[in-house]
Amino acid sequence: MRGLPILDRQDGVENLSVDVVVDDDVVARAVPVIDTVIRRRCRSWKIADDVRDDLRSEALVRLIKRLRDPQRSPIDTFDEYVAGVTSRVIDDLVRTTSPEWARLKHRIRYVLNHDDRFRVSILADGRIRCSLQPASAIGARRVRTRAGDVLTSMVLDVLAHSEEERTIDDLVNAVAARMGIAEPIRISADDIATAYPSSALSAVESSQSLQRLWSEIVALPFRQRLALLLNARDAAGDSVLRLLVAERFVTKRELAASLELSEAELDALWNGVPLIDAVIAERLQVTRQQVINLRKAARDRLARRMERPR
Amino acid sequence: MSENTSRRESILHALAGELDEHPSYEVLEQFVDGTIDDVTREIVASHREVCATCDAEVRDLMAFAGRSSSTSLRWLSVAAAVIVLSLASAYLMRSPPLQRTQQPTQKPVARKSATQPVPAIGYGRDDWNAAVRDALAHGTIAPPAILASLRPTPDVLRTLSSRSAAAVMNPAGVVIDTPTPLLTWRAESGPFVVSVYDGFERVARSGVLQTRGWRVEPALPRGRTYTWQVAIRRGDSIELLPSPPAPVSLFHVLDQDSSAALADARRRFPDDPLLLGVLHARFGMQQTAIEELRKYAARHSDVRNAAALADSVSSW
């Protein structure tokens with residue numbers, strides 16, 4: 001066995017330690033949950049076995065990435081988390097293969113959440129169930145647009161003819177059939193590559209690319225830029241800001257400008273970088289978790305930007 | 001591998017990042033409804049710029065929900081009036097524009113500036129006009145009395161235990177507009193049962209839940225203050241959230257008139273963060289007020305007291 005035990009039972013709660021080493025047990029425990037979610041959600045769609053394998057792999061990749069991220073908070077309930085990840089993996093695939101169906105699902109979810117004639121419950125495995133309930137006389141909530149009226153009528157009609165709660169996917173399928181929107185019936189292996197593009201890092205290999213990366217960094221929204229740069233460190237833990245200056249990719253003046261600091265202010269920070277998130281949070285007047293989210297958003301945006309040919 | 005290449009790779013690994021997951025539906029919905037916190041709003045907006053799929057989905061949902069503001073003909077019809085009023089407001093404020101140092105960076109707000117409305121003091125309602133004029137003149141907005149009744153005394157809030165308890169239940173200590181709020185809490189595994197009280201009378205109760213969130217049903221009467229708690233079964237015993245010495249979790253549902261006024265303001269002036277910020281502040285909806293006023297300050301750095309207003313509300 002490669003890793004350490006990942007589950008620490010405290011008072012009946014499963015807390016996954018953030019510095020845990022992912023081992024085979026994680027995979028062994030996650031796969032049945034993943035497979036159950038895939039089977040339930042995709043039961044009416046024709047999905048080849050290799051696509052199911054790819055869905056499972058993508059869910060595992062995201063799970064392991066999450067477990068290895070030392071900056072993320074612990075996971076409360078492992079199975080629920082795995083189910084949620086798997087559901088999002090399926091959603092991403094459907095968004096690629098059947099964007100109309102995916103948008104219809106969003107609209108229906110919006111109606112369900114904004115109209116008090118509907119009852120919505122979320123099961124532990126992430127499935128969403130919906131049914132009708134008596135409308136309240138007080139503060140009737142509706143989506144008050146023409147498109148909202150039309151869709152709401154359809155949803156009301158479908159649910160009125162259902163004897164029991166329906167899952168959101170079933171409901172969307174029923175409404176999609178009435179509207180002539182194609183279900184994501186057949187999903188091929190080619191769709192997988194589009195839905196889950198890999199990181200763009202391999203495309204970035206020259207010093208020119210690094211200059212381009214820097215130009216994208218200075219175009220980031222300020223808080224994302226600060227959250228990224230002030231915390232950035234190399235494998236040895238040294239600040240990337242110092243590396244950038246040492247490698248002469250940027251001057252200290254440019255660096256200060258990018259952080260919206262004077263050079264004197266940057267000098268005062270210089271020996272303290274990389275800053276921990278709590279310090280950055282205080283500087284930005286946000287929470288530590290928000291700093292982490294801002295940095296993740298920055299890294300994601302840079303990856304997507306660098307992916308695009310110019 | 002050369003040393004240069006190695007260093008370059010170190011930099012790239014640290015900065016160039018990895019693709020992250022797209023924003024969830026729940027986040028997109030909050031973005032469309034304008035109920036999201038300002039950091040997440042920035043993250044979603046930034047993501048939309050690089051993800052055509054999410055951008056299309058948000059635009060579709062905004063149009064569906066009737067919240068699209070980019071091409072509103074209604075806005076065009078009032079634009080001329082706003083321009084005239086802006087001249088009046090500029091005269092009223094008579095402040096020289098701040099000299100800002102040129103930054104090499106771009107912010108999204110800067111790119112949007114051409115389409116932003118200027119501050120108006122003619123909203124067609126005397127109470128709105130007065131509220132905005134007072135706010136700009138003084139640079140502060142006083143907290144409404146309702147907030148004090150929703151929040152425990154400062155001494156209690158300063159204790160570590162109560163602070164952490166307040167952090168695990170939402171909403172708590174706030175005014176909300178929706179009569180069917182989504183109550184969320186952080187706790188160990190359930191099952192949970194949520195109860196909402198008006199005084200000593202229980203007015204809503206969930207079923208047995210396995211999830212850590214429940215939307216109140218039926219809709220709560222407006223203009224009332226509610227307490228809520230979560231009962232958690234632990235074997236043979238029941239634990240409650242919040243648990244002493246944490247203060248009770250209180251929220252107030254905005255009264256019908258105030259809610260209608262907010263809806264009217266959002267409908268008629270969807271892109272006027274000053275008015276929306278001031279009104280939300282007046283009604284005690286602090287977080288939304290801060291977000292709107294910060295938005296206003298970012299767009300109008302040359303207006304005296306623009307930044308001070310958000311700070312004033314933040315300090316409540």
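The values are calculated or read from the model by the stated rules, or taken from the named source; none is laboratory data. Quick caveat: nothing in here was measured; it's all calculated off a predicted structure. No Cβ is skipped: glycine too gets one built from the backbone with ideal geometry, and neighbour counts run over all protein chains shown. Side chains are part of the model used for accessible areas, which takes the heavy atoms of the whole protein and leaves out ligands, DNA and RNA. Shrake-Rupley method; radii C 1.70, N 1.55, O 1.52, S 1.80 Å.
Picking from A:Arg62, A:Arg43, A:Arg39, A:Arg56, which residue would you name as being within 12 Å of another protein chain (Cβ to nearest Cβ) and of a type in the set (Lys, Arg)?
Step by step, each of A:Arg62, A:Arg43, A:Arg39, A:Arg56 is checked, and only A:Arg62 is within 12 Å of another protein chain (Cβ to nearest Cβ) and of a type in the set (Lys, Arg).
For segment A:268-277, which residues satisfy the criterion of being within 32 Å of the chain's Cα centre (by Cα) and part of a helix (DSSP H, G or I)?
Listed by number, the list holds a single entry, A:Asp277.
Identify all residues within segment A:76-89 that are open to solvent by less than 10 Å² (accessible area, probe 1.4 Å) and of a type in the set (Val, Ile, Thr); write none if there are none.
Those that are open to solvent by less than 10 Å² (accessible area, probe 1.4 Å) and of a type in the set (Val, Ile, Thr): A:Val82, A:Val85, A:Thr86, A:Val89.
When you look at B:Ser249, is it in contact (Cβ under 8 Å) with a residue 40 or more places away in the chain and more than 13 Å from the chain's Cα centre (by Cα), yes or no?
yes
Please tell me if A:Asp169 is modelled with pLDDT of 90 or more and open to solvent by 70 Å² or more (accessible area, probe 1.4 Å).
No; evaluated as a whole, the condition is false for this residue.
Kindly indicate which of A:Leu201, A:Leu229 is modelled with pLDDT of 80 or more and either more than 30 Å from A:Arg253 (Cα to Cα) or open to solvent by less than 50 Å² (accessible area, probe 1.4 Å) (or both).
Exactly one of A:Leu201, A:Leu229 is modelled with pLDDT of 80 or more and either more than 30 Å from A:Arg253 (Cα to Cα) or open to solvent by less than 50 Å² (accessible area, probe 1.4 Å) (or both), namely A:Leu229.
Would you mind telling me which numbered condition in (1) modelled with pLDDT under 80; (2) touching a strand residue (DSSP E or B) at 6+ places or on another chain (Cβ under 9 Å); (3) open to solvent by 70 Å² or more (accessible area, probe 1.4 Å) A:Ile138 fails?
Failing condition for A:Ile138: (2).
Please enumerate the residues belonging to segment B:220-235 that are away from chain A (no Cβ under 13 Å) and more than 25 Å from the chain's Cα centre (by Cα).
Passing the criteria: only B:Ala231.
Looking at (1) in contact (Cβ under 8 Å) with a residue 24 or more places away in the chain; (2) more than 30 Å from A:Lys296 (Cα to Cα); (3) polar (S, T, N, Q), find the lone condition where A:Ser87 falls short.
(2)
Taking the criterion of being small (Gly, Ala, Ser), modelled with pLDDT under 90 and under 30 Å from A:Ala257 (Cβ atoms), would at least one residue in segment A:154-163 satisfy it?
No, the conditions are met nowhere in segment A:154-163.
Which residue is farthest from B:Glu292 (Cα to Cα), if the candidates are limited to segment B:21-37 and must be outside any helix (DSSP H, G or I) and either within 10 Å of chain A (Cβ to nearest Cβ) or open to solvent by 20 Å² or more (accessible area, probe 1.4 Å) (or both)?
B:Glu21
Looking only at segment B:184-216, how many residues end up being among the acidic types (Asp, Glu) and either surrounded by 17 or more Cβ atoms within 10 Å (Cβ to Cβ) or not in a strand (DSSP E or B) (or both)?
The number of residues fulfilling the criteria is 1.
For B:Thr5, which of the numbered conditions (1) at pLDDT below 75; (2) more than 10 Å from chain A (Cβ to nearest Cβ); (3) open to solvent by less than 60 Å² (accessible area, probe 1.4 Å); (4) assigned to a helix (DSSP H, G or I) fails to hold?
It fails just one condition, (2).
Filter segment B:50-66 down to residues that are within 21 Å of A:Ala219 (Cβ to Cβ), surrounded by fewer than 17 Cβ atoms within 10 Å (Cβ to Cβ) and among the aliphatic types (A, V, I, L, M), then give me how many there are.
Number of matching residues: 1.
Per-residue answers, yes or no, for (1) farther than 30 Å from A:Arg129 by Cβ; (2) hydrophobic (A, V, I, L, M, F, W, C); (3) at pLDDT 90 or above:
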position: B:Val208; (1), (2), (3): no, yes, no
position: B:Trp214; (1), (2), (3): no, yes, yes
position: B:Leu220; (1), (2), (3): no, yes, yes
position: B:Val230; (1), (2), (3): no, yes, no
position: B:Ser243; (1), (2), (3): yes, no, no
position: B:Ala246; (1), (2), (3): yes, yes, no
position: B:Ala261; (1), (2), (3): yes, yes, no
position: B:Leu276; (1), (2), (3): yes, yes, yes
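Can you pull out every residue in segment A:278-291 that is surrounded by fewer than 21 Cβ atoms within 10 Å (Cβ to Cβ), part of a helix (DSSP H, G or I) and either touching a helix residue (DSSP H, G or I) at 6+ places or on another chain (Cβ under 6 Å) or of a type in the set (D, E, K, R) (or both)?
Answer for segment A:278-291, where residues must be surrounded by fewer than 21 Cβ atoms within 10 Å (Cβ to Cβ), part of a helix (DSSP H, G or I) and either touching a helix residue (DSSP H, G or I) at 6+ places or on another chain (Cβ under 6 Å) or of a type in the set (D, E, K, R) (or both): A:Ala278, A:Ala281, A:Glu282, A:Arg283, A:Leu284, A:Arg288.
Out of the helices (runs of 4 or more DSSP H) lying entirely within segment B:255-299, which hold 1 or more residues that are under 14 Å from the mean Cα position of the chain (by Cα), buried (at least 20 other Cβ atoms within 10 Å of the Cβ) and not small (Gly, Ala, Ser)?
Ranges flagged: B:273-282, B:286-299.
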